[in-house]
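The values are calculated or read from the model by the stated rules, or taken from the named source; none is laboratory data. Values in this document were obtained by computation on a predicted structure and should not be read as measured data. Cβ coordinates were reconstructed from backbone atoms using ideal geometry, including for glycine residues, and neighbour counts include every protein chain displayed.
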Amino acid sequence: MKSDNINSCIRCGKCCLNGGPALHHEDIGLIHKNILHPNCLFTIRSGELVCHPLEEGLIKTGQELIKVKGAEDSWTCIFFDQKEVACNIYKNRPIECRVLKCWEPSESIDLFMRGTLSRSDIIPDGSILNEMISIYEERFPAGEFLDMFNKTSRRWEENSIAISKMISIDISFRDKFMESFGVEEAQMEFFFGRRLKDLAEAMERCLTKRASKSYPTF
């Protein structure tokens, strides 16, 4: 949202408190240099809900997004130093951060969901990891999972049972993957996106607040 009160950055930190940036093709070098790595990233999979900067509501994304994680179960960017009100990777910050001007957001709006990175841009084709991600997407498609939360559907009772079953299988899949491949839990949200359990809880919050149009952050 455009601010009429300022015309330059006053280092309030509000943009960093609202969440980390999505990554674009211009940011691939930050990954190659290991400035950004799987531990500090997470994937929003196609079909998930995201906040739209203009409509001030949630939309279903038709594409994959890679975002910088929040710190300690919050949406505050993991690289934001709240004590110093500063970015810990300022000289190497992603393009969304470089163009962001809260007093004139047009450049940021132009970037929204354009030229974004996906896991296929980062993980080599033909790798076992890429194959496992494809298997996961076939078994646990985010869009189809969230579509099951239509409580007005005649199949809601059946869907609720299926939701619980998918959440349980998802947890087992992730545990087995970490055990088999020695992957840290902190990296799992990048490789496979957020747990279905977390998506389900976020969807429940959305449905609860939708009537008042008070949308939660996804």
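Here is a check on your reading of the model: is ALA142 loosely packed, with under 14 Cβ neighbours inside 10 Å and aliphatic (A, V, I, L, M)?
Details: loosely packed, with under 14 Cβ neighbours inside 10 Å: no; aliphatic (A, V, I, L, M): yes.
Here the answer is no, as ALA142 does not meet what is asked.
Among residues of the stretch 81-96 that are over 16 Å from GLY19 (Cβ atoms), those with a beta-carbon under 6 Å from a residue that is in a loop (DSSP other than H, G, I, E, B) and among the aliphatic types (A, V, I, L, M) at least six positions away or on a different chain give the pairs ASN92/ILE35.
PHE112: within 21 Å of ALA200 (Cβ to Cβ), out of contact with any Cys (no Cβ under 9 Å at 6 or more places or on another chain) and either surrounded by 17 or more Cβ atoms within 10 Å (Cβ to Cβ) or touching a residue at least 12 places away in the same chain (Cβ under 8 Å) (or both), yes or no? Steps first, please.
Numbers: within 21 Å of ALA200 (Cβ to Cβ): no; out of contact with any Cys (no Cβ under 9 Å at 6 or more places or on another chain): yes; either surrounded by 17 or more Cβ atoms within 10 Å (Cβ to Cβ) or touching a residue at least 12 places away in the same chain (Cβ under 8 Å) (or both): yes.
Considered against the rule, which asks whether it is within 21 Å of ALA200 (Cβ to Cβ), out of contact with any Cys (no Cβ under 9 Å at 6 or more places or on another chain) and either surrounded by 17 or more Cβ atoms within 10 Å (Cβ to Cβ) or touching a residue at least 12 places away in the same chain (Cβ under 8 Å) (or both), PHE112 comes out as no.
Within the stretch 162-213, the set of residues being more than 27 Å from HIS37 (Cα to Cα), assigned to a loop (DSSP other than H, G, I, E, B) and either touching a His at 6+ places or on another chain (Cβ under 8 Å) or of a type outside the set (A, V, I, L, M, F, W, C) (or both) comprises SER212, LYS213.
Identify, please: which residue in the stretch 136-160 is aromatic (Phe, Trp, Tyr) and part of a helix (DSSP H, G or I) and is, among those, modelled with the highest pLDDT? Result: TYR136. The residues of the stretch 97-119 that are of a type outside the set (Asp, Glu) and part of a helix (DSSP H, G or I), listed by number, are CYS97, ARG98, VAL99, SER106, SER108, ILE109, LEU111, ARG119. Step by step: first the residues of the stretch 16-65, then only those that are assigned to a strand (DSSP E or B) and under 16 Å from PHE190 (Cα atoms), then the one that is farthest from the chain's Cα centre (by Cα). Which residue is that? Among those that are assigned to a strand (DSSP E or B) and under 16 Å from PHE190 (Cα atoms), it is HIS24.
For PRO141, the conditions (1) over 20 Å from the mean Cα position of the chain (by Cα); (2) in contact (Cβ under 8 Å) with a residue 40 or more places away in the chain are fulfilled apart from (1).
Yes or no: the stretch 197-210 includes at least one residue that is of a type in the set (S, T, N, Q) and touching a helix residue (DSSP H, G or I) at 6+ places or on another chain (Cβ under 8 Å). Walk me through how you get there before you give the answer.
Just the residues of the stretch 197-210 that are of a type in the set (S, T, N, Q), to begin with: 208.
Restricting the remaining residues to those that are touching a helix residue (DSSP H, G or I) at 6+ places or on another chain (Cβ under 8 Å) gives none.
Within the stretch 197-210, none of the residues are of a type in the set (S, T, N, Q) and touching a helix residue (DSSP H, G or I) at 6+ places or on another chain (Cβ under 8 Å).
Residues of the stretch 35-71 that are surrounded by 14 or more Cβ atoms within 10 Å (Cβ to Cβ), modelled with pLDDT under 95 and of a type in the set (A, V, I, L, M, F, W, C): LEU49, VAL50, CYS51, LEU58, ALA71. Note on the stretch 72-88: among residues that are within 15 Å of ASN39 (Cα to Cα) and surrounded by fewer than 17 Cβ atoms within 10 Å (Cβ to Cβ), the one that is modelled with the lowest pLDDT is ASP73. In the stretch 145-183, the residue that is farthest from SER46 (Cα to Cα) out of those that are surrounded by 15 or more Cβ atoms within 10 Å (Cβ to Cβ) and aromatic (Phe, Trp, Tyr) is PHE177.
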